[in-house]
Amino acid sequence: MFWYEEEVTRLERQIEQHDNLSNAVVFYGSSSIRMWNHLSESFTGLPVLNLGFGGSTLAACSWYFDRIMQNVSAKAIIIYAGDNDLGDNRHPEEVFIYFKQLMIQIQQRFGHIPIGFMSIKPSYNRWHFIEQIKFTNKIIQSEIGKMPPNVTFIDIYHSMLDANGYPKMEYLLQDGLHISKEGYTCWHKCIQEQFILPYRLA
């Protein structure tokens, strides 16, 4: 995990300089979170904290969780990760194991706060293993269905598809992987409707 050190150190500095770490809605995960530069503007009125770090996997999110979150007091946490695990040739079952480990860590650190786990997105860059993405989403969604009601599966996958079942071009950057401004608007709508409003976080 040493290759994440620079990114994790950046997060630690960011946390040190943050004005209000209490009662934050924490966004945690990979570069799809880190690159959401207008996150605060998207969720006006919410004390959001962006703790995404580039290239991170669910494995890395679990590995660095205690270190990153040690001075954070979250009232809710939203996670996007798993995409890069599959990109690193991990099997869906491995991703599932890291997901379960992270859920345990969140509960141990923060108690029964609302947790939103975002489905792995469809993208052209990783379309060659789309079946693994769909299977990973399926088994994680199924597991969340067995968990206490404070855990929510946020389905962004289907909202990012066009009428033919392919990723909407306007939701992705030119690399076919990362999220465009229009894509983040789609994510915001899904999170707002499936998580923020049901938990009355706004």
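Just so it is clear, none of the values below were taken in a lab; they were calculated from the coordinates. Quantities reported herein were computed from a predicted structural model and do not represent experimental measurements. Note that each Cβ is placed from the backbone with ideal geometry, even for glycine, and that neighbours are counted across all protein chains shown.
Key figures
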| item | result |
| --- | --- |
| Long-range amide H partners of residue 178 with built H, under 5 Å | 173 |
| Estimated 222 nm signal from helices in the chain, with DSSP H stretches of n ≥ 4 weighted -39500 (n - 2.57), rounded to 500 | -11500 deg cm²/dmol |
| Residues 159, 142 arranged by fewest to most Cβ contacts within 10 Å | 142, 159 |
| Residues with amide H under 5 Å from that of residue 82, placed H, sequence gap 5 or more | 58 |
| Full-extension gain in nm, residue 129 to residue 13, via 0.36 nm per residue minus C-alpha separation | 38.2 nm |
| Cα gyration tensor shape for region 83-202, rounded if a/c is under 1.5, else prolate or oblate | oblate |
| Compactness index (Cα Rg / 2.2 N^0.38 Å), the chain | 0.95 |
| Label-zone membership for region 59-75, site residue 147, 7 angstrom Cα→C-beta point, backbone N under 18 Å | 59-66, 69, 74-75 |
| Interchain or long-range residues, amide H under 5 Å from residue 151's placed H | 115 |
| Distance in nm between pseudo-label sites at residue 41 and residue 182 (7 Å out along the Cβ direction from Cα) | 1.8 |
| Residue-by-residue Karplus 3J(HN,Hα) for region 163-177, coefficients 6.51, -1.76, 1.60, Hz, glycine and proline x | 5, 9, x, 10, x, 5, 4, 6, 8, 10, 6, 5, 6, x, 10 |
| Cα gyration tensor category, rounded, prolate or oblate, for region 1-53 with a/c compared to 1.5 | oblate |
| Region 1-54: trypsin sites (Lys or Arg not before Pro) in DSSP loop, at most 14 other beta carbons within 10 Å | none |
| Kirkwood hydrodynamic radius (C-alpha pairs) into Stokes-Einstein, region 24-92, 25 °C and 0.890 mPa s, D in µm²/s | 197 |
| Normalised contact order of the chain, rounded percent, pairs of Cα under 8 Å and 6 or more residues apart | 18 |
| Vicinal HN-Hα couplings computed from phi for region 75-80 (Karplus, 6.51 cos²θ - 1.76 cosθ + 1.60; Hz; Gly/Pro x) | 9, 6, 9, 10, 10, 10 |
| For region 135-148, Karplus couplings with θ = phi - 60° (6.51, -1.76, 1.60), whole Hz, Gly/Pro x | 5, 4, 4, 5, 6, 6, 4, 4, 5, 4, x, 9, 8, x |
| Order of 73, 56, 31 under a 10 Å beta carbon neighbour criterion, fewest first | 73, 31, 56 |
| Where trypsin sites (Lys or Arg not before Pro) fall in DSSP loop in region 131-202, at most 10 other Cβ within 10 Å | 146, 200 |
